[in-house]
Amino acid sequence: YVGASIGISAADEECEDEGQAPYVYECEGSTYGQRIYAGFTINQYSALEAAYLDMGELAKTINATRVTAETKGTNFSIVGIYPLGGTMNGKLFGKLGWLLWDTTVVDFSPTGGTVDDSGSDISFGIGASVGGEHISFRLEFEVLNEVNGKYSPDGSTLTFGSIGMAYEF
């Protein structure tokens, strides 16, 4: 199968002043993202999937200094499938994978700059699909990786909720 989806990516950034009075935070902790994917169905209960994700640009402002983080990556997953059957060919699925990611953080302060960071992390997700013999519609939620400490001092986990369509061969 092959497919594409669009959705909302978000960071778990609290965006609070952390008890320090001089700091004023403003977050845009979510943005639009997209993914394209291809998979190989092993049997009715399992599949292997590869996906390219563009998580968009997250941004926050601390005391009038804007910091952005843009993450992209390639995800390889094992998919467990629970067929619901019926005329709409419904399925529930869960994913466990490995994400190879790259994040670019830009600090717009006078002493800031651009930092590229990359790495790999475990990813996981859940979803459902319905459709006919070849076309299916998917609703998914995935937990992906952490944006590095330049964007958030303790790192920030990215999530991606999406809706998409797949063509099954």
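Values computed for the structure shown
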read-out: Those GluC sites (Glu not before Pro) in the range 93-143 that DSSP places in a loop and that have at most 12 other beta carbons within 10 Å; value: Glu133
read-out: Long-range amide H partners of Ser123 with built H, under 5 Å; value: Gly97, Trp98, Leu99
read-out: Phe137 accessible area, 1.4 Å probe, all protein chains in place, Å² to nearest 10; value: 110 Å²
read-out: Residue order for Tyr1, Tyr52, Tyr32 - accessible surface, 1.4 angstrom probe, largest first; value: Tyr32, Tyr52, Tyr1
read-out: Point-to-point label distance, Ile42-Val130, nm (Cα→Cβ direction, 7 Å offset); value: 2.9 nm
read-out: Exposure rank, largest accessible area first [Leu58, Leu92; 1.4 Å]; value: Leu92, Leu58
read-out: The range 84-139, relative contact order [Cα under 8 Å, separation at least 6], %; value: 40 percent
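The values are calculated or read from the model by the stated rules, or taken from the named source; none is laboratory data. What you are looking at is a predicted structure, and each value in this text was computed from that prediction instead of being measured. Glycine gets a Cβ as well: all are built from the backbone with ideal geometry, and neighbour counts include every protein chain shown. Note: accessible area is taken over every heavy atom of the protein model, side chains too, but ligands, DNA and RNA are not part of it. Shrake-Rupley method; radii C 1.70, N 1.55, O 1.52, S 1.80 Å.
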